[in-house]
Amino acid sequence: MHARDSWNFLRKLTGRKIRNGLHVLASYYTGRLSGKVVHPAWPLSISIEPTTACNLGCPECPSGLKQFTRQTGNARPDEVKRWLDQLADTVTWVNFYFQGEPYIHPNFLDLVRHAHGLGMYTSTSTNAHFLSETNARKTVESGLDRLIISVDGTTQETYAQYRVHGSLDKVLEGTRNLVAARRALNSRTPHLIFQFLVVRPNEHQVQEVRRLAREMGVDEVKLKTAQVYDYRNGNPLIPEQEKYARYAIQADGTYRIKNELANHCWRMWSSAVITWDGKVVPCCFDKDATHQMGDLRQADFASVWNNAHYRNFRAALFRSRQEIDICANCSEGTRDWAG
């Protein structure tokens, strides 16, 4: 976090949230030492999926490729607000993103506004194709604290190799609209990040995206390593520069994930993901919601977060994380952000 963004985040903390955070830390490290699941308090952050719909067709993305096996749709605003109300006293950060493009949801910014009113730090990730002047202004007015814009190339040719059906010009236009709206409304938020997913077609443009961000008034650039599903025999998306890759080539020419998959995971104590239809899943690697811990249409969050199914899943991590399918290609424990 940059200093101004960090201060904005710290302003959201309350005594109860701090105590909850200390409880999460204590229960996590006690569990690691003992190998037993200790009451994990409440999560520090939550991701909520506004929609599974997306206008792009990115490879390695089930949303863009329309390859979900789970149900797809838009979250109901009344349900999301009820979930937020349950979490507001203890959860500090809510990320309105999992799969899909959040701005496609017609009430997305109203949900942000509700969370902002509850004193939660709010963020989202977008491909920026819907950041018209009107939407940019509404974004600033909603109180959104952080906006991540995916910019995976500095030329249309490079950008479109991953962001299939996307327009770099639209992304840059949306960015300009957001920067202008912040200036017009004399607002320091949202903190604006260019996220650059480093893949082989664009790895030569890392310095160029930094320059572009400076010129446009973007606050920060984050380089993200790419997850690919079929990596063992190589993949045209894996960067040639190993520092930008989650995978390392071995002597026999095959690839392995750099993460050694230690038998613990901070995310299982500190965060959770809620799909558009109220399913609680362990983390963002469970894109198809195959490990459902509970259903918020049938139970409140507190009863799901500490139910037997969730406790058993956490315990399984202590025994053998490698045996859990969504963990096998996970970057938790490695430098998920490159550079």
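The values are calculated or read from the model by the stated rules, or taken from the named source; none is laboratory data. Quantities reported herein were computed from a predicted structural model and do not represent experimental measurements. When we count neighbours, we look across all protein chains shown, and the Cβ atoms used for this are built from the backbone with ideal geometry, even at glycine. The area values use the complete protein model at the heavy-atom level, side chains included, leaving out ligands, DNA and RNA. Shrake-Rupley method; radii C 1.70, N 1.55, O 1.52, S 1.80 Å.
Given R₀ = 22 Å, FRET efficiency for His204-Gln156 by Cβ-Cβ distance, to 0.05?
Computed FRET efficiency for His204 and Gln156 comes out at 0.90.
Going through the DSSP H helices of the chain, which span 27 Å or more along their own axis at the Cα atoms while scoring at least -1.0 as a mean Kyte-Doolittle hydropathy?
15-34
How much length, in nm to one decimal, is gained on full extension between Arg297 and Asp230, taken as 0.36 nm per residue of separation minus their Cα-Cα distance?
Contour length minus Cα-Cα distance gives 20.6 nm.
Counting only protein heavy atoms and using a 1.4 Å probe, what share of the accessible area of the chain belongs to carbon plus sulfur, as a whole percent?
49
Over the chain, give the accessible area per residue in Å² for a 1.4 Å probe, as an integer.
With the other protein chains kept in place, the chain gives 44 Å² per residue.
Restricting the count to DSSP beta bridges whose residues both fall in the chain, what percent are antiparallel, rounded to a multiple of 5?
30
Taking only DSSP H segments of four or more residues, each worth -39500 (n - 2.57), what value at 222 nm results for the chain once the sum is divided by all its residues, to the nearest 500 deg cm²/dmol?
Result for the chain, helices only: -10000 deg cm²/dmol.
Expected output is a single nm value to one decimal: the length gained when fully extending between Leu22 and Lys170, i.e. 0.36 nm times separation in residues minus the C-alpha distance. What is it?
Between Leu22 and Lys170, full extension yields 49.0 nm more.
Taking amide H atoms as placed 1.01 Å from N in the peptide plane, list the residues 5 or more away in sequence, or in a different chain, whose amide H sits under 5 Å from that of Lys279.
Residues meeting the amide H criterion: Leu296.
Based on the mean of other Cβ atoms within 10 Å per residue, sort peptides 69-76, 92-99, 13-20 so the most packed one is first.
92-99, 69-76, 13-20
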